[in-house]
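To start, the structure under review is shown below, and the notes come after it.
The values are calculated or read from the model by the stated rules, or taken from the named source; none is laboratory data. Only a predicted model underlies this, so the values are computations on that prediction, with no experimental measurement involved. Don't worry about glycine lacking a Cβ; one is built from the backbone with ideal geometry, like all the others, and counts go over all protein chains shown. Surface accessibility is based on the protein's heavy atoms, side chains included, excluding ligands, DNA and RNA. Shrake-Rupley method; radii C 1.70, N 1.55, O 1.52, S 1.80 Å.
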Amino acid sequence: MTTYKRNVCFGCGRPITPYEAAVHFPCPSCGDVTIWRCERCREMGKEYRCLKCEFSGP
Ligand SMILES: [Zn+2]
Ligand SMILES: [Zn+2]
């Protein structure tokens, strides 16, 4: 089983712990990149940017 890739929030660059209410979802544009957002960035509606296609959104 592949473990735990280091998941980093795409909004603030902070590593995401399993204990917070972070969300992850495939990039809405290319679908190849899993976007992670920490609890705080979610609440603040901070922007993220996809590493591959540079799609950004709230
Ligand atoms: Zn964040
Ligand atoms: Zn993308």
Expected output for segment 20-40 (first residue in a loop (DSSP other than H, G, I, E, B), partner of a type in the set (Val, Ile, Thr) and surrounded by 15 or more Cβ atoms within 10 Å (Cβ to Cβ), Cβ below 9 Å, 6+ apart or cross-chain) is 22/16; 27/33; 27/35; 28/35; 38/16
Criterion first (charged (D, E, K, R) and at pLDDT 90 or above) does residue 49 satisfy it?
yes
Six or more apart or on different chains, Cβ atoms under 9 Å: show the pairs whose first residue is in segment 44-58 and within 14 Å of residue 13 (Cβ to Cβ) and whose second is open to solvent by 100 Å² or more (accessible area, probe 1.4 Å).
46/40; 46/58; 47/58; 48/58
Positions within segment 11-58 being of a type in the set (Gly, Ala, Ser) and away from ligand 1 (no atom under 15 Å from the Cβ), in sequence order
29, 31
Which of the residues that make up segment 18-58 are within 9 Å of the chain's Cα centre (by Cα), open to solvent by 100 Å² or more (accessible area, probe 1.4 Å) and farther than 13 Å from residue 7 by Cα?
49
